1. With respect to the cross-link table entries 39/182; 28/171; 91/124; 39/191; 28/152; 68/413, which display a Cα-Cα separation exceeding 18 Å?
2. Would you mind working out the magnitude of the charge dipole of region 291-364 relative to its Cα centre, with +1 at each Lys and Arg C-beta and -1 at each Asp and Glu C-beta, to the nearest 20 Debye?
3. Could you work out the helix-only [θ] at 222 nm for the chain, with each DSSP H run of four or more residues adding -39,500 (n - 2.57) and the total divided by the number of residues, to the nearest 500 deg cm²/dmol?
4. Pull up all non-local amide H partners of residue 400: gap of 5 or more, or a different chain, and H-to-H distance under 5 Å with H placed in the peptide plane.
5. Using Cα positions and a limit of under 20 Å, work out the aspartates and glutamates in reach of residue 299, with same-chain residues fewer than 8 apart set aside.
6. With springs connecting C-alpha atoms under 10 Å apart, model the chain as a Gaussian network and identify which of 395, 170, 237 has the largest mean-square fluctuation.
7. For the pairs 116/165; 14/288; 14/148, flag any whose C-alpha to C-alpha distance is greater than 24 Å.
8. Expressed as a fraction of 2.2 N^0.38 Å, the rule-of-thumb size for a compact globular protein of N residues, what is the C-alpha radius of gyration of the chain?
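A short reminder: the numbers here are calculations on the coordinates, not readings from a lab. Predicted model, so just to flag it, every value in this text is computed and none were measured. For neighbour counting, all protein chains shown are included, and Cβ atoms are generated from backbone atoms with ideal geometry for every residue, glycine included.
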Amino acid sequence: MDPFQYVYVIRNSKQLEFHEFADKMASKTFDYPALSKGKFPDLKENLHRIYQYLQGKPLDIISDHMMKNLQDIFEWKCSQATDWETEKMYKFCCSVMFEASFVTLYGRVPAADGHKVISEIRDKFIKFDASFPYLAANIPIELLGATKKVRKELIHHFLLQNMTKWLGGSKVVQARQDIFEKYELLGDYDKAAHHFAFLWASVGNTIPATFWAMYYLLRHPEALAAVRDEIDHLLQSTGQKRGPTYNIHLTREQLDNLVYLESALNESLRMCSSSMNIRISQEDFILKLEGNQEVGLRKGDWIALYPQILHMDPEVYEDPKEYKFDRYIENGRKKTTFYKAGRKLKYFLMPFGSGISMCPGRFLAMNEMKMFLFLLLAHFDVELVENKAVRLDNSRMGLGILLPDVDIAFRYKLRSLRK
Ligand code: HEM
């Protein structure tokens, strides 16, 4: 519970492991054979190595593809909105982010009804995702209605004979495919189940996080105005025009320099993330903590860090329940110094986990959400049409980004080009 002790847990990654726990939970939830049984030598390490495709130069390439795919989807879905169109916000975020992420990672479904095929996969995904907290809590899938059937259908979409038809997928998915081919003991269904698990990792948190970022912006007109101003300014200074064609390009540097957008996004992540960082002791040992404190751990003992407590700590964040879009800005620059009891914190915002269990997709996730908000606000006037409070649904507490307890209607309309 004490964020000053986090560092002592995180840096002891040899004795305090997380893969065994994650592997047990993921293999059961997504229906692939556990990696840690010695049957698949080095598979875990090989899969980890290719997370390099989500960083550095490859990150720029995949982010560019995501930007293009997001624009295609906005154009296809929204370019007729010359008058107000009303939609439910979660549904909207889910539909845009799911399809853009799917196409970016796995490729385009070339059939004439490609959008339809992806929306069928998405609808099954939503059904499966509703059961996710129960599966993570070890409830047998047989007790969860149609979940087993839906999971099987979803996994079938990722069989090699289907995936080879998809065009222009990402390097990271291709590299995963190549690795799986080297393991004879992995059956076709097992490989497909691994691909499905990766799909879940890539959208399961990004969709609700995008929702919250959009929701809080629309609830706070001063935040919306500041972020939109920053976006318009960037477009103007780079000589890019919004509409009627969707052809905006953003470099990594430009995305990084959108400080108001990033701060607003971080602020919503602070409020909606609830991932628990679990470690399991690999041996009996004494964990040394700050101030000569020690804890005797036995092999198999669990340690859990729960950063949501830190995110909501009034000593770190003044009025923690309030959304302050510029909380992560100081003198016009990114703010990275936060204090508790007068001492500077090493960790102050942890939606993506920590140390060995840190999310490998975090840079892409931030880019994707920024690009979604950028395009939405650049092209459209957007406002809420319902005045109800949306709260966090706590049923997946500890498992990542929380979902909203209800959906809420909003409306959008193409912005006048002269504005
Ligand atoms: C807002 C969006 C996201 C959030 C909040 C998030 C958060 C997390 C967290 C907390 C973990 C660690 C889980 C644990 O401790 O057991 C994790 C793992 C992971 N994430 Fe993300 N994630 C996001 C988006 C993404 C994206 C876009 C991708 C890929 C394109 C991705 C790929 C992964 C993978 C593959 C793992 C497992 C890593 C491993 O094998 O060790 N995530 N994520």
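1. Numbers: 39/182 13 Å; 28/171 27 Å; 91/124 14 Å; 39/191 14 Å; 28/152 13 Å; 68/413 21 Å.
The pairs that break the limit, which is 18 Å between Cα atoms, are 28/171; 68/413.
2. Working: 13 positive and 9 negative charges, 64 e Å.
It comes to approximately 300 debye.
3. Numbers: 16 runs with 204 residues, N = 419.
Result for the chain, helices only: -15500 deg cm²/dmol.
4. Residues meeting the amide H criterion: 274, 275, 276.
5. 17, 20, 23, 283, 284
6. 237
7. Numbers: 116/165 15 Å; 14/288 14 Å; 14/148 36 Å.
From 116/165; 14/288; 14/148, over 24 Å: 14/148.
8. On the way: Rg = 21.8 Å, N = 419, 2.2 N^0.38 = 21.8 Å.
In units of the globular-protein estimate, the chain measures up at 1.00.
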